[in-house]
1. Given Cα pairs under 8 Å that are at least 6 residues apart, what percent is the relative contact order of the range A:72-111?
2. What ranking of A:F88, B:F52, A:F55 comes out by heavy-atom accessible area, probe 1.4 Å, highest first?
3. Counting only heavy atoms of protein chains, what accessible area per residue, in Å², does the range B:1-81 have with a probe of 1.4 Å?
4. If only Cα atoms are counted, what is the Rg of the range A:19-114, and what is its Dmax, in Å?
5. Note down the magnitude of the dipole of the protein assembly as shown about its Cα centre, charges +1 on Lys and Arg C-beta and -1 on Asp and Glu C-beta and zero elsewhere, to the nearest 20 debye.
6. Placing +1 at every Lys and Arg Cβ and -1 at every Asp and Glu Cβ, with all other atoms neutral, what dipole size does the range B:49-115 have around its Cα centre, in debye to the nearest 20?
7. For the pairing of chain A with chain B, what total accessible surface becomes buried, with a 1.4 angstrom probe, in square angstrom to the nearest 100?
8. If you put +1 on each Lys and Arg Cβ and -1 on each Asp and Glu Cβ, how big is the dipole of the range B:1-99 around its Cα centre, in Debye rounded to 20?
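The values are calculated or read from the model by the stated rules, or taken from the named source; none is laboratory data. Remember, it's a predicted structure, so these values are computed and weren't measured experimentally. Neighbour counts are summed over all protein chains in view; Cβ atoms, including those assigned to glycine, are modelled from backbone coordinates with ideal geometry. Note: areas computed on protein heavy atoms with side chains; ligands, DNA, RNA excluded. Shrake-Rupley method; radii C 1.70, N 1.55, O 1.52, S 1.80 Å.
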Amino acid sequence: DGGITQSPKYLFRKEGQNVTLSCEQNLNHDAMYWYRQDPGQGLRLIYYSQIVNDFQKGDIAEGYSVSREKKESFPLTVTSAQKNPTAFYLCASSIADGLAYEQYFGPGTRLTVT
Amino acid sequence: KNQVEQSPQSLIILEGKNCTLQCNYTVSPFSNLRWYKQDTGRGPVSLTIMTFSENTKSNGRYTATLDADTKQSSLHITASQLSDSASYICVVSAGPAGGSYIPTFGRGTSLIVHP
């Protein structure tokens with residue numbers, strides 16, 4: 001069963017704690033992306049990776065970190081430096097970061113920090 | 001600054017009726033435009049992708065149009081079904097910039113289909 005998975009679906013953390021969101025894909029895609037979605041706003045790009053061991057900052061990378069040690073995995077860490085971490089986080093992948101390659105999204109993780 | 005504006009913000013229609021959603025963009029250099037459907041609490045699912053040279057693309061009851069001159073796109077839904085109730089997101093990518101195609105997402109149009 002091919003696809004992109006995110007876990008957990010819901011995550012609760014206390015303020016000041018780092019938390020890591022999982023994103024795994026078995027589509028053999030080179031490119032992977034992390035987005036944040038807030039109510040009434042469009043998705044915003046946090047980080048993206050075009051290839052293993054390489055990643056680039058998106059529009060709102062401050063307070064986040066990523067790694068891409070394996071092609072299949074692109075975990076996102078929300079650090080205590082992120083001022084407003086409560087949001088819906090979406091991971092996506094595509095064959096490559098190119099002109100008309102479709103992005104496939106995971107089911108999302110809803111993070112609540114109190 | 002790249003921007004994508006969608007209208008209306010929300011729309012309520014009766015089952016079986018048609019509707020059209022709008023997307024205006026100021027993205028440069030234009031690479032491609034995508035329409036996604038997002039059910040509540042789920043990840044977006046791609047409906048159509050159009051590049052500069054394409055002005056219409058269909059996916060079942062969904063038909064997207066693109067006017068690159070006026071920088072406008074529309075998504076037409078024919079014979080709506082209850083399952084069409086979702087948020088529809090327009091995404092325009094610019095690039096390549098530094099070797100990547102950076103997407104700008106609209107805020108979405110929330111569609112509710114009533115029986």
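1. Computed value for the range A:72-111: 40 percent relative contact order.
2. Result of the area sort, largest leading: B:F52, A:F55, A:F88.
3. 53
4. According to the Cα coordinates of the range A:19-114, Rg and Dmax are 12.6, 40 Å.
5. 460
6. It comes to approximately 120 debye.
7. The contact between B and A buries close to 1700 Å².
8. That gives a dipole near 140 debye.
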